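The values are calculated or read from the model by the stated rules, or taken from the named source; none is laboratory data. Treat the numbers as computed from the prediction; the structure is a model and nothing was measured. Ideal geometry is used to build each Cβ from the backbone, glycine not excepted, and the neighbour counts take in all protein chains shown.
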Amino acid sequence: MDNHAPLARTAAKIALATRVQGPLDLITRTKQTIAVTGAIGTMLALAVVGMSTLGWVSLTATLSIYALVGFLVTRFVAWSHPHPDFGLPNLVTLIRAVLTAIVAGYTIEISTWSLAPSHHLAWSFAAIATIALLLDGLDGYLARTIGPKSDFGARFDMEVDALLVLTLSVLAIVLGKAPFWAIAIGLIRYGFVAAAIALPWLNAPLAVSLRRKSVCVLQVVCLCLLATPPVSGDVAHALAALALVAVVWSFAIDIAWLYRHRHVRS
């Protein structure tokens, strides 16, 4: 715990130094944060495109996905984020969203290619996905230590995780590393959300679970490995199967618990 204290103090100073002053409401500040982060992300995307064989399909897809994320964040942040500032934890999550959008743009473009991407290109985007993975957990840590902490931040983190998993699942298929069933790794969470519309008891809150967090990390690690050039053949199929079995097992445990407690009202 003591090792994290300097990080928490530094993050607090950054948050204070970058706080927007004046009579600006949360929505305005959020829009400013999204715009600045998006501009930096655009420059990164342009740099990636300029240094590779990727084209405007990748860039357009990246910007479109990030624009959708920005719209949804602006639409829902005020609902469950009772703080005047967007916050450093949410900024870290937003950076993860930028990185995920860049990987998604890459995935969409190479899906139209007849040849596999070069090793250099594949390693570059595997690295970007890995950075997004490594930043996962930092936003939660910052929320717990320096704040602000909110239901919105927790949900935002969860949705970016889900988008990253879906993107990497599709990428594994596009690269020929996994069969088509690997898409289930990324879709199962969205299927759960859709099922909750018809089965409201699925919306009941779940306690924080180390098992759930561990499975989330495991599946992203497996999918990041599938994005690297050396992993292929039976090893790739085994990693995809491991990720799918783990996430199905975890969801099954949660669904079973929710079903047993479906008549309980907290």
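For residue 222, the conditions (1) within 30 Å of residue 121 (Cα to Cα); (2) over 17 Å from the mean Cα position of the chain (by Cα); (3) not hydroxyl-bearing (Ser, Thr, Tyr) all hold with the exception of (2). Criterion applied to 77, 160, 73 was being within 18 Å of residue 186 (Cα to Cα) and either within 14 Å of the chain's Cα centre (by Cα) or not small (Gly, Ala, Ser) (or both), and the one residue passing it is 160. Taking the listed residues 58, 80, the one that is in contact with a Phe, Trp or Tyr (Cβ under 7 Å, 6 or more places away or on another chain), hydroxyl-bearing (Ser, Thr, Tyr), at pLDDT below 80 and surrounded by 13 or more Cβ atoms within 10 Å (Cβ to Cβ) is 80, with no other qualifying.
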